[in-house]
Structures are given as C-alpha cells and as structure tokens.
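Okay, so here's the structure we're looking at.
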Amino acid sequence: MTLSEAAIAACEAYPSADVELALAFAKEAVPSFLKADNDRLIKFGRSVKSMVNMKDDLGFNLEESLTLAVEESELLMSGKLKVPKVKFGKTGLDISVVTLGCMRFQQEWGPRITNMNMVDGDCQDNLMAILKRALLEFGINHIETARGYGSAELQLGVALKQLIMTNQIKREDFILQTKVAPMKDPADFRKTLEKSFEYLQVDYLDLFAFHGVNWPEQLIYMFGDDQTTEGTETCYSIIQEYVKAGKIRHVGFSTHGSTDLILETVNKGVFDYANIHYHFMGSYTASGGGHDGQGNRDVVRLMNEKNMGVFIISPFDKGGSLFIPSRKLRRLTLPDLEPMAFESMRIWNHHHLFEDLNIHTYTAGAARPSDLDQSAVAAYLHDTQNDRMVQKLKRVSQRLLDEREKVLGKEWADTWWKGLSKADGNKHHVEHNQIMWFYNCLHSFGLYHFTKARYHSFENNLKNWKDDLSDDENVKKLQPGWGFVPGLPLKPGVDYSGDFTNVPGENKQRVLEAEAFVLDWLATAANKTKVDPKDEHDAYKKAKTEAKVIPEDWQDAYDMR
C-alpha cells in the first residue's frame, strides 16, 4: 500500500476524527508514531487530512508530501532531536536557534494574578510540560518573557525554581531574557523591573530588553534629551546600575517600530542585541520600509556590522499565521518543506540568500508542548542535513517569488512600497504600507486568515478612538498598544488620495484599487446583533459567516494551534 492509499483510506474511515485518522495512517506508514501523545496525534491527523484534501490541486504531489510528514514524525519519536546553538553576536552566549517564547502559556494577560493560588493547576502543569519539552528533550536553552505578559513571569519563575530544586536543570543551563517597556518616570521603570526579578526568582538576567521601542519618545525615556543634565536618572542609567551589579549581563531592545526608528535605536551603539520582525512575507508594521522596500533587512545588515545578536520575533504568527497557512501557501511550499519549516530554514540560512547577512534565533511561542515540535525537527535537519535543507529552501523561495511576480506583476512587486506612509505620516492615521502589504499577501499567497486578523487590529483601535479627543490625545491614550499595532481602518467613502502625493504616478491608481479591495474583503461586516469578534483570529471565523464565498486557495489548509 502506498502512503497515498493509506492516507486516503484513513480519511475515508475517519473523516472528522483527527486522532483516529492519525492512528489509522500511522499503523500503515509510521508505526513508531502510534506511541505519540494525543497532542501530537491531533496535529498529525490534521496534517494528513489537509494533504488528502489537496490531492487534486494542480501541481500538488500527495505521495511526496506524505513522505515528508512521515520523515518528520519518525524524527519526533526518535529521541535524538536536539536544537543546535550559535554564538549570539557580541554577547558571546551559545544560544539555541529556537527560543521558547512565553506569551501563550500563561493563565492571564492582565495584572490580576499575583500569586500561584490564583493559577489553575492544569495551566501550570501545561507550562511545566512545555518547559520540559524545550529544555530537557530538545535542548532549547533560551527562554524569553516580559513583564507585560500578564502572569507569565510569575508562573515561569515558580516552574524554573522547581526544576532547579529537583536537580533537573541548573541555573547556568538556560539563558533567561525578560523585557520591560521604557517609561516616562524612571522610578516606575525601576519598580517594574524589580517586580520582574521578584516573580522570576533569579539573581541575574542573562538578557534584558527594553520592551516595545515603538515610537520616538521612548528614546527620550531611555536616554533623556538635549535638556537632560548629567547625572539625571533615566531608564538606561538604571539598567547600567544593574549591569554593574551583575544582575543584568547583556542589554538589548525589542521593537514593532518603523525601520527608521529601529536603525536610529541600533545606532545608539549601546545595545548587544535586538528582537525584531523580519520575515519572508514582510516585516510586520515595518513592511515596505528600508531603502529598498525590504523592511527590516537594512536593520539586519546594520546589526551584523555592529556584531549584535539578531533575534526574530513571531515568525509563525506575525510572519503570516504560518500555523494556519492558506491552502495555496502550503501547496507552494510542499513537498519540500512545510510553511513553518520554510520560515525556519530561511532564518537560519539567511546568509545563503542575502549577502552573508546572519540571523541567530527566533521565538516559537508555545501554548502546548507540540507547538515546539516542527521547530525542533527543522532545527535538527538544518544541523545534520544542511546542504539538503539549503537546496530545499532555495527551491521554495524561488517558487514563492515566482508566484508573487506572476500574480502581482514584476513592476508592482518591485515598487509597491514607494511613497506609502505609515499612520504617523498622514492625517487619517492609516497604515497605508500595511494595507498594501495585506493586498500583496492576499493576492500572492492567499493569506486571508492572516490579513483578516491583522486588519481587525485596526478596527479594535477605532473602537477605542474618541471623537471628543484630538488625534494626539487619542494616540497618547491608546499607548502603549498603539505602538505595537498602530493605525486605523479604512473608512468607506473617504478620499485617501491626498495621502499618496509621494506615490509614483504609475502606482497611484493601483494603490487606490488595492485599498478598495482590502476594504471590501478584510473589513468586518456589520451584523444585526453587533457582536464584535473577540480577538484577531475570531475575526476570521466571523468572516466565514459573511455573504462572500472565500476562494478555495484562501481557505485554511489546517490549524496547528
């Protein structure tokens, strides 16, 4: 029986039961996976079902794609997966090429929880299982959290202490990073930093980052301005106290800001590393930035020149919702690589694609242990079969670039970004750069779920925008969230042509048409009950109930959350 025959038979037997489907296929194709836990079986079943659903798509090779799934499943059960490490720039730290991100496993996002009696046991057990999968099974040694991640620091500190006290790990076995946002009042910043140390229960931080350096005023919070006298306390001077005391070893920053702001921050010359957005699909809020429209590639180049550690934020979420890829995107990356594995290989082998520009690690935010599986498999193959993986990476990259150019046209694909303003550059506070990026992603790769979710962030901003306040007052009121997700949605009937004075003449009509298209497809439709989507991904679920029929290529291939 071929893999295709086994997969089709399993799907026919269990069309709506992912675990049973996975077991039926594993029995014929990969017997070792019969011992997998339920978490892994669910994802395996969804993956196989998606491949079978795509079997008649033009250009899709079911047998070869299933071969890839079997190879990855065998590796997961082999017990030999270890994530390799690289030097993290001038820090000199040997850091795993996959980082455990801690923004998805906590009990709550808000500040309510102050002790472990307020945390559900199931939530903490899941967090501990994720830590053990990362640290003990896969050898991931970098953990990244933040004071702004609700109860994450509290829960993480208790779990790490328990692992240390039971001699399962030592403090020197892992690299711990937390982040605190720059604040106008240095005393508030110091107090918040101390709370991080209290919750994490550690004597020192390997890495500290100023969290969310997203707007220019934050540079003043960190360093002061021309009026700041010598000896005046700033957020940065406080961090230097902690460095001198041995409580912080390396200092960096994270950012969702514009490329220009990030370059300005890097050029301060005082940081050892930075957490930035830079993905194949774009650079999130900085998409279309840089001297050539390649977003934060200019930042990577400058960071390399300064020997800084380069850390990529959220490649599987803000890099295109790759854990829920469109049917079209998955078809384009297979049978060589899954979408998440492609983005992983692109990060680690970036120097093979672009001018010897090196990237060191990325964050994989885990809500359950299996969320680390595909990254670990990819890292192992990157380490043990690098030549083969680089060839796969180059093939997939070329297929995606060819598709983008075929769909958009070469001239538009090369120049779409020219003259487009961000929210702080036009009176309507619209992220025209992101709007156009959504248009390109949707047309090129069918990323409807991703673009719908991201556009909904603008709609959330509008819900909190008050007509009785000035624009500046509104933006100030919406900080710090506005800095992470700036921009208001497009409004029907508004003439935005005045925002496009710097757009090349040959692009202006396409820009107007593209924004009309985005408004038509991505704006949340009004409904009689006036129930708003609860979150970004819920906006996509609601879209399925709207009048439009979502093209098959735009639909989810699977959901690996």
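Before moving on, here are some points about what is shown:
- Qualifying residue in segment 349-364 (condition: out of contact with any Gly (no Cβ under 9 Å at 6 or more places or on another chain) and over 25 Å from Val299 (Cα atoms)): no
- Reported count of residues in segment 33-51, each being of a type in the set (S, T, N, Q) and under 22 Å from the mean Cα position of the chain (by Cα), is 1.
- Glu20 passes every criterion in (1) within 26 Å of Ser326 (Cβ to Cβ); (2) charged (D, E, K, R); (3) touching a residue at least 24 places away in the same chain (Cβ under 8 Å); (4) open to solvent by 30 Å² or more (accessible area, probe 1.4 Å) apart from (1).
- Test: residue in segment 58-69 that is open to solvent by 30 Å² or more (accessible area, probe 1.4 Å), over 19 Å from Met560 (Cα atoms) and modelled with pLDDT under 95: yes
- Candidate set: segment 181-232, residues that are small (Gly, Ala, Ser) and more than 27 Å from the chain's Cα centre (by Cα); chosen: the one farthest from Gly246 (Cα to Cα): Gly224
- Selection of segment 222-233 for residues being open to solvent by 60 Å² or more (accessible area, probe 1.4 Å) and either in a helix (DSSP H, G or I) or in contact with a helix residue (DSSP H, G or I) (Cβ under 6 Å, 6 or more places away or on another chain) (or both) yields only Glu233.
- Looking at Ser375, Ser397, just one residue is surrounded by fewer than 24 Cβ atoms within 10 Å (Cβ to Cβ), polar (S, T, N, Q) and part of a helix (DSSP H, G or I), and that residue is Ser397.
- Reported count of residues in segment 53-110, each being under 30 Å from Glu28 (Cβ atoms), without any contact (Cβ under 8 Å) to a residue 60 or more places away in the chain and assigned to a loop (DSSP other than H, G, I, E, B), is 6.
So that you can scan it fast, the table gives a plain yes or no per residue for (1) farther than 21 Å from Val213 by Cα; (2) at pLDDT below 95; (3) of a type outside the set (S, T, N, Q):
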| position | (1), (2), (3) |
| --- | --- |
| Asn141 | yes, no, no |
| Leu154 | yes, no, yes |
| Ala159 | yes, no, yes |
| Gln162 | yes, no, no |
| Ile175 | yes, no, yes |
| Val180 | no, no, yes |
| Ser196 | no, no, no |
| Gln201 | yes, no, no |
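- Subset of segment 143-152 [in contact with a strand residue (DSSP E or B) (Cβ under 7 Å, 6 or more places away or on another chain) and either open to solvent by less than 40 Å² (accessible area, probe 1.4 Å) or modelled with pLDDT under 95 (or both)]: Ile143, Glu144, Thr145, Ala146
- Residue within segment 281-292 that is assigned to a loop (DSSP other than H, G, I, E, B), open to solvent by 20 Å² or more (accessible area, probe 1.4 Å) and closer than 18 Å to Phe210 by Cα present: no
- Residue check for Gly498: open to solvent by 50 Å² or more (accessible area, probe 1.4 Å), out of contact with any Pro (no Cβ under 9 Å at 6 or more places or on another chain), assigned to a helix (DSSP H, G or I) and at pLDDT 90 or above: yes
- Segment 234-254, subset of a type in the set (Gly, Ala, Ser) and surrounded by fewer than 20 Cβ atoms within 10 Å (Cβ to Cβ), residue farthest from the chain's Cα centre (by Cα): Ala245
- Selection within segment 24-37 - open to solvent by less than 60 Å² (accessible area, probe 1.4 Å) and not polar (S, T, N, Q): Ala24, Phe25, Ala26, Ala29, Val30, Phe33, Ala36
- Filter result (in a loop (DSSP other than H, G, I, E, B) and under 15 Å from His350 (Cβ atoms)) within segment 293-307: Gln294, Gly295, Asn296
- Scanning segment 361-372 for residues that are open to solvent by 30 Å² or more (accessible area, probe 1.4 Å) and touching a strand residue (DSSP E or B) at 6+ places or on another chain (Cβ under 7 Å) gives no hits.
- Residues in segment 318-345 that are touching a helix residue (DSSP H, G or I) at 6+ places or on another chain (Cβ under 7 Å), open to solvent by less than 10 Å² (accessible area, probe 1.4 Å) and of a type in the set (D, E, K, R): Arg330, Glu338.
- Members of segment 174-192 found to be surrounded by fewer than 23 Cβ atoms within 10 Å (Cβ to Cβ), in contact with a helix residue (DSSP H, G or I) (Cβ under 7 Å, 6 or more places away or on another chain) and assigned to a helix (DSSP H, G or I), listed by number: Pro186, Arg190
- Boolean, Lys548 is at pLDDT below 95, outside any loop (DSSP other than H, G, I, E, B) and over 18 Å from Leu462 (Cα atoms): no
- Within segment 421-443, the presence of at least one residue that is open to solvent by less than 10 Å² (accessible area, probe 1.4 Å), part of a loop (DSSP other than H, G, I, E, B) and not charged (D, E, K, R) is confirmed.
- Sole exception among (1) open to solvent by less than 50 Å² (accessible area, probe 1.4 Å); (2) of a type outside the set (Val, Ile, Thr); (3) in a helix (DSSP H, G or I) for Gly257, by number: (3)
- Hits in segment 260-280 - residues which are open to solvent by 30 Å² or more (accessible area, probe 1.4 Å) and either modelled with pLDDT under 95 or outside any loop (DSSP other than H, G, I, E, B) (or both): Asp260, Leu263, Glu264
- Unique match (being closer than 23 Å to Phe445 by Cα and open to solvent by 60 Å² or more (accessible area, probe 1.4 Å)) among Asp402, Asp356, Asp383: Asp402
The values are calculated or read from the model by the stated rules, or taken from the named source; none is laboratory data. These numbers come from a predicted model, not from an experiment. Cβ coordinates were reconstructed from backbone atoms using ideal geometry, including for glycine residues, and neighbour counts include every protein chain displayed. Please note that ligands, DNA and RNA were not included when accessible areas were found on the heavy atoms of the full protein model with its side chains. Shrake-Rupley method; radii C 1.70, N 1.55, O 1.52, S 1.80 Å.
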